[in-house]
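Let me begin by presenting the structure, written as structure tokens, before commenting on it.
Please treat every number below as a calculation from the coordinates, not as lab data. Because the structure is a prediction, the values reported are computed rather than measured. In this analysis, Cβ positions are derived from the backbone assuming ideal geometry, glycine residues included, and neighbour counts consider all displayed protein chains.
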């Protein structure tokens, strides 16, 4: 492979020194981003999709209020009354008018390619808000984009048999008067009246986390287009009250389902369309949406990913191997104790009302709308495990900096977390995101990235598990490895569930998926496995000429890309970091050239401060794109810490 960084035939600068400087920059930036001296909350991208759904929901509430004028307490009027709604609708509509792409469509984020779903949602938002004439030219261009793709047929094709998102989009359009209610597939909201443990047997047409949308949208469909069958009408009418109670039970104290603006907005606009904007669920949802708006008038896809970001950051600060002198001083250790306490406080200690999950897992945020899942739980276990092992290493060299009580708390959390993971495993040997057995729709099935993450966490802690839990973890791990072997693609890659690449026609991300699985092979001592060797070969073949990984023509940074960019576009810091870390984790003996070029690319990107421009590689629920401002830093921290050890 030729090296685009060569100057006079040699790599520029000393890699060790450049890694040291880059790590110093990362640590300084992360220290500045620390919240309350305990955790990292980051900042999710503003989202045209979220903003459009929020504008539609508030407009639907405003429209019902203008018809009925229900009572609003004086203390709430300034925040949640008509004037506040009008202000937010106005600002959101104007913000949307500024982010239309040149092709007439809208992307999920300010750095996303246009897609039919978000474009239709923006059109509906302007219609419901009464701003269609005001933005007439932009509406015309948006419709042209949608019609060129095939309108409703194209929308259905995008999501296939999964009704999780296509039905809410069509519902939003029907509420706005753009579509007949009879054109929308029916959601059997009465199924939500079943015991929660039965949901996976009921063959729900939506994924596990979308039950609130199932209820609210299903009820709206029932009112606007009641079934002709008298028995079906009777059954659904009888289920309305009980399923509304389910909706209330699932709603967190923040009012936001999953802390997600789109899901909460779909629930709110559906209820408002059937004159339930004054319902308790609606008022809580309304408060969440009003409280979640950003200063520029837009909304993010979710409130934050604080637990996930804190776990990713913490796990990289504590090195493996013998510790002669502590790399973390006594004062810094007091800081880390507070972060450990914060992370421990995020562990769910009661059965979750949303998914019915047992205690022991972690979700992506510390906020009330969080749901425990099999990506954030391993991340927290790895962070706590690295911290715990580092403390033990210090004690072995008579450098105790932390109390025994704190370490015992970590061990108790570990037992609950590992047991939670073992119980969540699917019958196919893989791990799903939220709920065991929900395997028929894309984001409820087992995932290679999730499975690999769970295997790393169980491996790290297996030496401290009691005999019965260790035996269960060993059995689960054996089945997990078999799952990964079966799901490796012929080219050596694996595909992840929760990350994508918008420059690929399939919108998948084999770089991220392969790297996450390779990390499990490396950390679990399986570097000589044939699957690992094939995966390494895939990453080597996928590396860009300049040394990075992933990305494409849509990737833009603040300054000229010069040597970091080719005719095929640029790599991303996020994907390069995970690929580089994976290559190093698997030894790097036969990959030295690729690794050195990857380190060089990442350090050069740090020098040019590309970490200030995060890229949309994240998939949220049902293929909703996002980017997170701390991903370039947290991913690069982990990769460069491994690089430092590899170069030493």
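Counting every pair of alpha carbons in the stretch 374-523, the share spaced more than 18 Å apart comes to 59 percent.
Counted by neighbouring Cβ atoms within 10 Å, the residues 376, 278, 162 run from fewest to most as 278, 162, 376.
Just so you know, the averaged projected area of the alpha carbon convex hull for the stretch 478-612 sits at 8.2 nm². At 1.567 mPa s and 4 °C, plugging the Kirkwood radius over alpha-carbon pairs of the stretch 568-648 into Stokes-Einstein gives what diffusion coefficient in µm²/s? It comes out at roughly 98 µm²/s. Mean sequence separation of contacting Cα pairs (under 8 Å, at least six apart), scaled by the length of the stretch 412-542, corresponds to a relative contact order of 23 percent. Of interest is the spacing of the C-alpha centroids, which for the stretch 218-286 and the stretch 361-427 amounts to 37 Å.
If I fit a long axis through the Cα atoms of helix 136-149 and take the longest principal axis of the Cα atoms of the chain, what angle between them do I get, 0 to 90°, rounded to 10? Long axis of 136-149 versus the principal axis of the chain: about 70 degrees.
Converting the Cα gyration tensor eigenvalues of the stretch 440-528 into ellipsoid dimensions via √(5λ) gives semi-axes, longest first, of 26, 14, 11 Å. When the alpha carbon gyration tensor of the stretch 46-300 is reduced to an equivalent ellipsoid, the three semi-axes, largest first, read 27, 23, 16 Å.
Size descriptor for the stretch 88-132, Kirkwood hydrodynamic radius: 10.5 Å (Cα pairs only, one decimal). Within the stretch 205-325, the percentage of alpha carbon pairs spaced more than 21 angstrom apart rounds to 50%. Here is the P(r) of the stretch 258-323: all C-alpha pair distances, binned every 10 Å from 0, give 19, 33, 22, 13, 9, 4, 1 in whole percents. Along its principal axes, the stretch 18-74 has C-alpha extents of 64, 27, 11 angstrom, given from the largest down. Each of residue 94 and residue 238 was given a label point 7 Å from its Cα along the Cα-to-Cβ line. The distance between the two points is 5.3 nm.
Between the stretch 440-479 and the stretch 33-49, what is the C-alpha centre distance in whole Å? Spelled out, the Cα-based centre of one part sits 29 Å from the other. Once the Cα atoms are used to define both axes, helix 467-487 deviates from the longest principal axis of the chain by about 80 degrees.
Seen from all directions on average, the stretch 401-488 presents a Cα convex hull projection of 6.5 nm². Going from the fewest other Cβ atoms within 10 Å to the most, the residues 583, 250, 606 appear in the order 250, 606, 583. Neighbour counting of Cβ atoms within 10 Å sorts the residues 106, 288, fewest neighbours leading, into 288, 106.
Given in Å, the Rg to one decimal and the Dmax to the nearest whole number for the Cα atoms of the stretch 42-181 are 15.5, 49.
Averaged over residues, the count of other Cβ atoms within 10 Å places the peptides 164-176, 541-553, 338-350 in the sequence 164-176, 541-553, 338-350, highest first.
Using equal-weight Cα scatterers in the Debye expression, the normalised intensity of the chain in log10 at q = 0.06 Å⁻¹ is -0.33. Rounded to the nearest 10 degrees, the inclination of helix 230-250 to the longest alpha-carbon principal axis of the chain is 50 degrees.
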